[in-house]
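**Student:** Following this message is one structure expressed as structure tokens.
The values are calculated or read from the model by the stated rules, or taken from the named source; none is laboratory data. Note that the structure is a prediction, hence the values are computed from the model and not measured. Every residue, glycine as well, gets a Cβ built from its backbone with ideal geometry; the counts of neighbours run over all protein chains shown. The area values use the complete protein model at the heavy-atom level, side chains included, leaving out ligands, DNA and RNA. Shrake-Rupley method; radii C 1.70, N 1.55, O 1.52, S 1.80 Å.
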Amino acid sequence: MTTKHPAHRPANPRFSSGPCAKIPTFSLDKLSDAALGRSHRAAVGKDKLKAAIEGTREILGIPADYRIGIVPASDTGAVEMAMWSLLGERKATMVAWESFGAGWVTDVVKQLKIDAEVKTADYGEIVDFAEIDFDTDVVFTWNGTTSGVRLPNGEAIPAARQGLTICDATSAAFAQDLPWDKLDVTTFSWQKVMGGEAAHGMIVLSPRAVARLESYTPAWPLPKIFRMTKGGKLIEGIFVGETINTPSMLAVEDYLVALDWAREIGGLPKLMNRADTNARVLWDFCDRNDWIANLATDPATRSNTSVCLKFTDERIQDGAAFAKAVAKKLADHNVALDVGAYRDAPAGLRIWCGATVESSDVEALTPWLTWAFEACIEEQA
């Protein structure tokens, strides 16, 4: 290899899209107050779980009459809980433009067998929300983690809709401005923008969603971990920290630390600004180089968290092999870890730019992208 690598590496090479980089000030001693060896039902456990819920409400600006619950199985568990508990009362519209959205389509159409219209778009594109019937229940991802395509705003969602909107916002929450009045169910996990530990999800319910839960019983049996009502009434305890099953109090403490960091730096506006700044570094890099491009075709829909890139040079002989080789070089040199495209996505790179990533690290990464690209082109010859 004749191509010389850059002199400086990112201080933190962790650009994984989940679990994502920890907060910049993270250290294990920050978890010393964790309620380890204590019941989550004890006062100390309940207080910490309630603090996680109310801290989420505070940072995200969630309305006071919306319920927030901590649930099992990360964002996947939260989405499944919502679909299994709420869908079936009316026709559904399933919207997908990447792999996780496609997974929700499969679960609704093939597992629950609900009457549903399916609207999809290719990777890099997005479904036209103006064509969606919001008198049906609509399920969609706000930010496609595996495609790097996001919904730019909620303007197409009518206030007077008859159906519910069920939004998987796991790569959007804490980095993008979510219009709570347009969202009836919102789900996300701690492991994305806040850099928390995996396994726990959060579900946010609007008053309309609560009304549906209390007035509608699905035709199928619900597993215990999906049940949010008892005797036709919402189980209020779930939404004040009385979790359905046992949570990790170490993970809870880690999330509380991340929420404290978010407060210290300036809350949601600063979190969004950090993600925007990080993503802009890569967008500008693509604009300066004709061999790489953003997978999102419309600049308005580019994700500011899971930035997905594709190689466009005509000299590339095998796109998938080439992208894997570039990702491997970056990892081997401890420059960027876990940045290969998702297995179902087009060949390329996926670089996390959420708020816990430092812009100086993204800046330091860009010359290495050029180095790895040129080195892999040279090796093809």
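**Student:** Restricting to the range 138-158, count the residues that are in contact with an Asp or Glu (Cβ under 9 Å, 6 or more places away or on another chain), surrounded by 24 or more Cβ atoms within 10 Å (Cβ to Cβ), part of a loop (DSSP other than H, G, I, E, B) and of a type in the set (A, V, I, L, M).
**Tutor:** Of the residues in the range 138-158, 0 are in contact with an Asp or Glu (Cβ under 9 Å, 6 or more places away or on another chain), surrounded by 24 or more Cβ atoms within 10 Å (Cβ to Cβ), part of a loop (DSSP other than H, G, I, E, B) and of a type in the set (A, V, I, L, M).
**Student:** Name the single residue, out of those in the range 337-361 being of a type in the set (A, V, I, L, M, F, W, C) and surrounded by fewer than 21 Cβ atoms within 10 Å (Cβ to Cβ), that is farthest from Arg263 (Cα to Cα).
**Tutor:** Step one: list which residues in the range 337-361 are of a type in the set (A, V, I, L, M, F, W, C), which gives 337, 339, 341, 345, 347, 349, 351-353, 355, 357.
Now drop any that are not surrounded by fewer than 21 Cβ atoms within 10 Å (Cβ to Cβ), which leaves 337, 347.
On the way: Leu337: 28, Ala347: 38 Å.
Filtering first and then ranking leaves Ala347.
**Student:** One residue is enough: does the range 9-27 have a residue meeting the conditions open to solvent by 20 Å² or more (accessible area, probe 1.4 Å) and in a helix (DSSP H, G or I)? Spell out the reasoning first.
**Tutor:** So the first thing to find is which residues in the range 9-27 are open to solvent by 20 Å² or more (accessible area, probe 1.4 Å), and the list is 9, 11-12, 14, 18-19, 22, 24-27.
Subsequent filtering for residues that are in a helix (DSSP H, G or I) retains none.
Checking the range 9-27: not a single residue is open to solvent by 20 Å² or more (accessible area, probe 1.4 Å) and in a helix (DSSP H, G or I).
**Student:** How many of the residues in the range 159-203 are within 18 Å of Asp128 (Cα to Cα), open to solvent by 10 Å² or more (accessible area, probe 1.4 Å) and among the hydroxyl-bearing types (Ser, Thr, Tyr)?
**Tutor:** 0
**Student:** Could you list, ordered by first residue, the pairs with Cβ atoms under 6 Å in which the first is in the range 257-272 and over 14 Å from Lys192 (Cβ atoms) and the second is among the charged types (D, E, K, R) and open to solvent by 50 Å² or more (accessible area, probe 1.4 Å), at least 6 apart or interchain?
**Tutor:** Going by the 6 Å Cβ cut-off, the qualifying pairs are Val257/Lys30.
**Student:** Still on this structure: What's the number of the condition Phe100 fails, among (1) in contact (Cβ under 8 Å) with a residue 60 or more places away in the chain; (2) touching a Ser or Thr at 6+ places or on another chain (Cβ under 9 Å); (3) open to solvent by less than 40 Å² (accessible area, probe 1.4 Å); (4) under 26 Å from Asp338 (Cα atoms)?
**Tutor:** In the conditions (1) in contact (Cβ under 8 Å) with a residue 60 or more places away in the chain; (2) touching a Ser or Thr at 6+ places or on another chain (Cβ under 9 Å); (3) open to solvent by less than 40 Å² (accessible area, probe 1.4 Å); (4) under 26 Å from Asp338 (Cα atoms), Phe100 misses (3) alone.
**Student:** While we're on this one: Any chance the range 280-303 includes a residue that's within 20 Å of Thr141 (Cβ to Cβ), open to solvent by 10 Å² or more (accessible area, probe 1.4 Å) and among the hydrophobic types (A, V, I, L, M, F, W, C)?
**Tutor:** Scanning the range 280-303 turns up at least one residue that is within 20 Å of Thr141 (Cβ to Cβ), open to solvent by 10 Å² or more (accessible area, probe 1.4 Å) and among the hydrophobic types (A, V, I, L, M, F, W, C).
**Student:** Okay, next question. Looking at the range 323-336, is at least one residue surrounded by fewer than 15 Cβ atoms within 10 Å (Cβ to Cβ) and farther than 22 Å from His8 by Cα?
**Tutor:** Scanning the range 323-336 turns up no residue that is surrounded by fewer than 15 Cβ atoms within 10 Å (Cβ to Cβ) and farther than 22 Å from His8 by Cα.
**Student:** Any idea which of Glu379, Glu374, Glu314 is under 17 Å from Trp291 (Cα atoms), open to solvent by 50 Å² or more (accessible area, probe 1.4 Å) and modelled with pLDDT under 95? Please lay out each step first, then the result.
**Tutor:** On the way: Glu374 fails: modelled with pLDDT under 95; Glu314 fails: modelled with pLDDT under 95.
Result: Glu379 is the single residue among Glu379, Glu374, Glu314 that is under 17 Å from Trp291 (Cα atoms), open to solvent by 50 Å² or more (accessible area, probe 1.4 Å) and modelled with pLDDT under 95.
**Student:** Now for a separate question. Does the range 284-294 contain any residue that is closer than 22 Å to Thr170 by Cα and modelled with pLDDT of 95 or more? Quick ask: steps written out before the conclusion?
**Tutor:** Keep residues of the range 284-294 that are closer than 22 Å to Thr170 by Cα, which gives 294.
Those still in the list that are modelled with pLDDT of 95 or more too: 294.
Yes, that holds for at least one residue.
**Student:** Taking Thr243 as the residue in question, decide whether it is modelled with pLDDT of 95 or more, farther than 21 Å from Asp75 by Cα and open to solvent by 10 Å² or more (accessible area, probe 1.4 Å). Give the steps one after another, and end with the answer.
**Tutor:** Details: modelled with pLDDT of 95 or more: yes; farther than 21 Å from Asp75 by Cα: no; open to solvent by 10 Å² or more (accessible area, probe 1.4 Å): yes.
For Thr243, the condition - modelled with pLDDT of 95 or more, farther than 21 Å from Asp75 by Cα and open to solvent by 10 Å² or more (accessible area, probe 1.4 Å) - is not met.
**Student:** Report yes if some residue within the range 68-89 is modelled with pLDDT of 95 or more, open to solvent by less than 20 Å² (accessible area, probe 1.4 Å), closer than 28 Å to Gly101 by Cα and part of a loop (DSSP other than H, G, I, E, B); otherwise report no.
**Tutor:** Yes, that holds for at least one residue.
**Student:** Same structure again: If Thr120 satisfies all but one of (1) farther than 28 Å from Glu358 by Cβ; (2) open to solvent by less than 50 Å² (accessible area, probe 1.4 Å); (3) in contact with a helix residue (DSSP H, G or I) (Cβ under 9 Å, 6 or more places away or on another chain); (4) among the hydroxyl-bearing types (Ser, Thr, Tyr), what's the number of the condition it fails?
**Tutor:** Only one criterion in (1) farther than 28 Å from Glu358 by Cβ; (2) open to solvent by less than 50 Å² (accessible area, probe 1.4 Å); (3) in contact with a helix residue (DSSP H, G or I) (Cβ under 9 Å, 6 or more places away or on another chain); (4) among the hydroxyl-bearing types (Ser, Thr, Tyr) is unmet by Thr120, namely (2).
**Student:** Can you tell me which residues in the range 122-137 are outside any loop (DSSP other than H, G, I, E, B) and within 20 Å of Ser206 (Cα to Cα)? Full working, then the answer.
**Tutor:** Quick first cut of the range 122-137, residues outside any loop (DSSP other than H, G, I, E, B) only: 129-131, 137.
The answer is Asp137, and nothing else.
**Student:** I'm trying to understand the selection: among the residues of the range 98-121, which are more than 14 Å from the chain's Cα centre (by Cα) and assigned to a loop (DSSP other than H, G, I, E, B)? Don't jump to the end; show me each part of the working.
**Tutor:** The first filter runs over the range 98-121 and keeps only residues more than 14 Å from the chain's Cα centre (by Cα), leaving 102-121.
Across the range 98-121, the qualifying residues are Lys113, Ile114, Asp115, Ala121.
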